[in-house]
Amino acid sequence: MRCFYSQDFELTLPSGHPFPMEKYRVSKDMLLEGGIILPEEIIEVRIADSHILQRVHDQDYVNRIYSCAVDRKEEMRLGLPVTPQLYTRSATEVEATRLTCRAALEEGVAVCLAGGMHHAFREHGEGYCVFNDVAAAIRDLQDWKPNIKIMVVDTDAHQGNGTNAILESDPRVFTYSIHVGNAENRKFNGSMDVETVRYVEGEMYLKQLFSTLAAALDTFVPDLVIWIAGADNHRNDRFGQMMLSLKELQRRDEILLKAFIRNRIPVAVLYGGGYNRQAEFTAKIHRNTVAMAKKITTEFRGL
């Protein structure tokens, strides 16, 4: 199972910043040290070409990020310091997701050890999301296979508003998002938006997720699922406003991955958000998602 990674995912942030940027490196190390992923399964990624970004973003916006020509208001909306390193980090993440999607189509399952920047819009970014790697990967696949049917399954605690806005009215794409109903970010309608109550308990969340996703898969049969897993559903997350335990998150991962893999739907797994009050715990949740993908993939191939 190929996992796409780059040391450029890690951005230098001011002390005390809530984004656990080290989670990419730490989760990768956890996977290697635990023998879950072999060193040869880690694929190093380079920065995406600018034309990949411009398929989904205004050229002026891409140029502003590249040249660090943003004002204080735009930088605050991003939530990240705008430096040359930010462009490299964000464009490399786009390339990692693009390659993950292609690998998933070839092999059934592939993982981006980052990704899921679903708050990035065509002309601006917000909420730590600069470039929308999901939308960019989808447009890349559509250039390759124009009739490909893609479902975005977003179980991050917040709605994929940027993804919905960029991909609206595309009949080849189905966007499913389950998220906190009254979270602060602006919402844009997707194909199926499922709102949970604030501070939803794990059992209620899982029932809501599984019933609605089953309905989505009855409505739309994809050639590929892009799954933004999310680690911010955990009860100790700073921003997630959900109350899932670690065990319930693992149950989420198991049910979803079995549904995709056993039905022979290729799945590209992306990290999404996670801001646990214990910094390394976010990396552990992401690590568990990848471990579950590897376990179920191995079991299925053994049948």
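The values are calculated or read from the model by the stated rules, or taken from the named source; none is laboratory data. These numbers were taken from a predicted model, which means no experiment stands behind them. Positions of Cβ are generated from backbone atoms using ideal geometry, with glycine treated the same way; all protein chains shown enter the neighbour counts. Ligands, DNA and RNA are stripped out before the accessible areas are found, and what is left, the full protein with its side chains, is counted by its heavy atoms. Shrake-Rupley method; radii C 1.70, N 1.55, O 1.52, S 1.80 Å.
Worth a mention:
- Put Trp227, Trp144 in order of accessible area, highest first, and with a 1.4 Å probe you get Trp144, Trp227.
- With coordinates expressed along the principal axes, the C-alpha atoms belonging to the range 158-303 extend over 39, 37, 24 Å, beginning with the largest.
- Kirkwood analysis of the range 91-249, using all unique Cα-Cα pairs, places the hydrodynamic radius at 15.8 Å.
- In the chain, the sites counted are GluC sites (Glu not before Pro) in DSSP loop states with at most 14 other Cβ atoms within 10 Å, and the longest stretch holding none of them, exclusive of the sites, is 1-122.
- Whether the chain is rounded, prolate or oblate, judged on the alpha carbon gyration tensor where a/c under 1.5 counts as rounded: rounded
- Chain lengthening between Ala214 and Gln278 when straightened (0.36 nm per residue, less Cα-Cα): 19.7 nm
- Counting only protein heavy atoms and a probe of 1.4 Å, the accessible surface of the range 92-160 is 45% carbon and sulfur.
- Relative to its residue count, the range 1-51 spans a Cα convex hull of 107 Å³ per residue.
- Once backbone amide H atoms are built at 1.01 Å from N, Ile226 has Met151, Val152, Val153, Ala268 as its partners under 5 Å, excluding neighbours fewer than 5 places away on the same chain.
- Computed log₁₀ I(q)/I(0) - Debye formula, equal Cα scatterers, no solvent, the range 230-303, q 0.24 Å⁻¹: -1.03
- Mean accessible surface per residue for the chain, computed with a 1.4 Å probe while every protein chain stays in place, in Å²: 41
- The chain: DSSP helices with Cα axial extent of at least 30 Å and average Kyte-Doolittle hydropathy no lower than -1.0: 84-107, 279-301
- Taking the chain as a Gaussian network of alpha-carbon nodes connected by springs under 10 Å, the highest mean-square fluctuation of the residues Asn276, Asn182, Asn263 belongs to Asn263.
- One Cα centroid belongs to the range 4-54, the other to the range 180-217; the line between them spans 28 Å.
- A simple count of charges around Lys295, restricted to other residues whose Cβ falls under 12 Å of its Cβ and scoring Lys, Arg +1 and Asp, Glu -1, yields 0.
- Theoretical FRET efficiency, 1/(1+(r/R0)^6), r = Cβ-Cβ of Lys73 and Arg264, R0 30 Å, to 0.05: 0.05
- Among residues other than Glu44 with Cβ under 12 Å from its Cβ, the summed charge is -1 (Lys and Arg +1, Asp and Glu -1).
- For the chain, built as a Gaussian network whose Cα springs stay under 10 Å, the top-fluctuating residue of Asp253, Asp193, Asp143: Asp143
- Length-normalised contact order for the range 194-303 - Cα pairs under 8 Å, 6+ apart - percent: 31
- With the convex hull of the Cα atoms taken as the outline of the range 156-237, the averaged projected area works out to 5.4 nm².
- Ratio of the Cα radius of gyration of the range 94-155 to 2.2 N^0.38 Å, where N counts its residues: 1.11
- P(r) weight above 16 Å for the range 9-98, C-alpha pairs, percent: 63
- Near Glu74, once Lys and Arg are set to +1 and Asp and Glu to -1 for all other residues with Cβ below 15 Å from its Cβ, the sum equals -1.
- FRET efficiency for Gln250 and Phe19, using Cβ-Cβ distance with R0 set to 30 Å, rounded to 0.05: 0.80
- For the range 103-213: relative contact order, % (alpha-carbon pairs under 8 angstrom, 6 or more apart): 19
- Under a Gaussian network description of the chain, with springs only between Cα atoms under 10 Å, the residue in Gln278, Gln250, Gln54 that fluctuates furthest is Gln278.
- The value of relative contact order for the range 121-280, using C-alpha pairs under 8 Å at least six residues apart, is 23 percent.
- The stretch between Glu201 and Glu107 holds 30.3 nm of extra length on full extension. This uses 0.36 nm per residue minus the Cα-Cα distance.
- Gyration tensor verdict on the range 23-150 (Cα atoms; rounded if a/c is under 1.5, prolate if a/b is larger than b/c, oblate otherwise): oblate
- Length gained when the stretch Thr12-Asn182 is fully extended (0.36 nm per residue, less Cα-Cα span): 58.1 nm
- Residue list for the range 1-18, given a label point 7 angstrom along the Cα-to-Cβ vector of Glu44 and an amide N cut-off under 12 Å: 5-8
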